[in-house]
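Worksheet: one structure, shown below.
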Amino acid sequence: MMTGQKTRLMSEINVTPFVDVMLVLLVIFMVTAPMMTSGMKIEVPQTTHERMDIDPKGIVVSVDSSRKVMINDYQLDASELAERLPKILESMKADEVYLKADRTLPYGFVMSVMASIRQAGVEKIGMVTEPAMPESQKR
């Protein structure tokens, strides 16, 4: 029985369950983030050219060995590139495009993709390559 004493409600928020849930979500996202990378498998050519800085606001146009074209993560047909690229450049406020083409593609096809990029009004096109392995490491 109560003997005349009033119990007070606690007005402070208990944040311990909130912190526990946030830590669990953080671990889940850290584990699943590397698996969420989407894209195409592209074997880019190897060169001995030095590494250059890439503009983070630049757009990457990728072409895989089956001639699928992607602008960043958006897939489209190669014939639609010149039509859609100006709108994407305008929305992202980018002026550089990096072309990442598979090394097994015919030279003529890569040049037609570059012509489509130029037709879209892009003046700066960077070609993405990988550094070549030294002869001593190839064996």
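The values are calculated or read from the model by the stated rules, or taken from the named source; none is laboratory data. Just so we're clear, the structure is a prediction, and the values are computed from it rather than from any experiment. Here Cβ is always computed from backbone atoms with ideal geometry, including for glycine, and neighbour counts include all displayed protein chains.
General remarks:
- Answer from T32, T104, T3 - the residue that is modelled with pLDDT of 75 or more and assigned to a loop (DSSP other than H, G, I, E, B): T104
- Count - residues of segment 53-74 that are surrounded by 13 or more Cβ atoms within 10 Å (Cβ to Cβ) and either among the hydrophobic types (A, V, I, L, M, F, W, C) or free of Cβ contacts under 8 Å to residues at least 12 places away in the same chain (or both): 7
- Qualifying residue in segment 109-131 (condition: at pLDDT below 80, on the phi > 0 side of the Ramachandran plot and of a type in the set (G, A, S)): no
- Residue count, segment 116-130 (criterion: within 18 Å of K68 (Cβ to Cβ) and either in a helix (DSSP H, G or I) or free of Cβ contacts under 8 Å to residues at least 24 places away in the same chain (or both)): 2
- Looking across segment 35-81, the residues that are modelled with pLDDT of 85 or more and among the hydrophobic types (A, V, I, L, M, F, W, C) come down to I59, V60, V61, V63, V69, M70, I71, L76, L81.
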